[in-house]
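Remarks on the structure that follows.
The values are calculated or read from the model by the stated rules, or taken from the named source; none is laboratory data. Remember, it's a predicted structure, so these values are computed and weren't measured experimentally. All Cβ positions, glycine included, derive from the backbone under ideal geometry; neighbour counts span all protein chains shown. Keep in mind that these areas ignore ligands, DNA and RNA; they rest on the heavy atoms of the full protein, side chains included. Shrake-Rupley method; radii C 1.70, N 1.55, O 1.52, S 1.80 Å.
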Amino acid sequence: MYLVHAHLALPSGEQVPPDIRDVVRSAITAGDRVEHVAVHPRPAPGLTLGFYLLAGVLEEAEERAVRVCARLLREVPQLATARLTGVGVPLLPLAFAPQQAD
């Protein structure tokens with residue numbers, strides 16, 4: 001399973017609908033192989049969708065996230081004006097930092 005973030009931009013002045021998490025979750029299908037969706041509003045007009053995807057390799061998970069987002073932007077009215085600006089696995093720098101001895 002991979003966590004893939006999809007970054008969406010909204011037109012200036014447009015707000016993220018308050019129920020967007022439920023809307024996105026209801027639009028996910030079994031074929032998407034998405035186990036969980038998290039929604040992270042961003043300061044600029046936009047949001048980040050965090051998809052926990054079942055996939056064999058990272059590239060497959062990222063490609064699946066792009067396909068899911070393309071479908072969501074076509075089919076979910078609340079996302080009709082949004083634009084996908086990037087997809088990728090978030091980096092966790094502290095997880096790989098050397099441990100300090102006490």
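Scanning the range 46-81 for residues that are open to solvent by less than 60 Å² (accessible area, probe 1.4 Å) and touching a helix residue (DSSP H, G or I) at 6+ places or on another chain (Cβ under 6 Å) yields Phe51, Leu53, Ala55, Val68, Leu72, Leu73, Val76, Leu79. Counting only residues that are hydrophobic (A, V, I, L, M, F, W, C) and open to solvent by 60 Å² or more (accessible area, probe 1.4 Å), the range 32-43 holds 0 of them.
Pairs are defined by a Cβ separation below 6 Å, a sequence spacing of at least 6 or placement on different chains, a first member in the range 73-89 that is closer than 13 Å to Val4 by Cα, and a second member that is open to solvent by 70 Å² or more (accessible area, probe 1.4 Å) and among the aliphatic types (A, V, I, L, M); no pair meets this definition.
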